[in-house]
């Protein structure tokens, strides 16, 4: 089991949430702002089996591209989101949990 931490621009956040919930992904959403991208963004936490990671990454990409196509807007950023993949067994300190 892996924990995918995905920090995404608020422009894409609603679409990511809607599309991925429809596909059965469970997530925790954290509103955040500040130093990482110096603007409003949303952090999603996904618990995912290792074999499902490519499908989740493709679903994230598709949700971002769909919003760009609908708004006829091209991203000026090199990346639409930043993600980190963590083994669940290593995530407890990251999440502030003690064992």
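The values are calculated or read from the model by the stated rules, or taken from the named source; none is laboratory data. What you see is a predicted model; the values in this text were computed from it and never measured. Here the Cβ positions follow ideal geometry from the backbone for every residue, glycine too, while neighbour counts run over all protein chains shown.
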If I go through region 21-45 residue by residue, how many of them are surrounded by 14 or more Cβ atoms within 10 Å (Cβ to Cβ) and either modelled with pLDDT of 95 or more or part of a loop (DSSP other than H, G, I, E, B) (or both)?
2
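Suppose the filter is at pLDDT below 90 and touching a strand residue (DSSP E or B) at 6+ places or on another chain (Cβ under 7 Å); does residue 81 pass it? Working first, answer last.
On the way: at pLDDT below 90: yes; touching a strand residue (DSSP E or B) at 6+ places or on another chain (Cβ under 7 Å): yes.
Judged against the criteria, residue 81 is a match.
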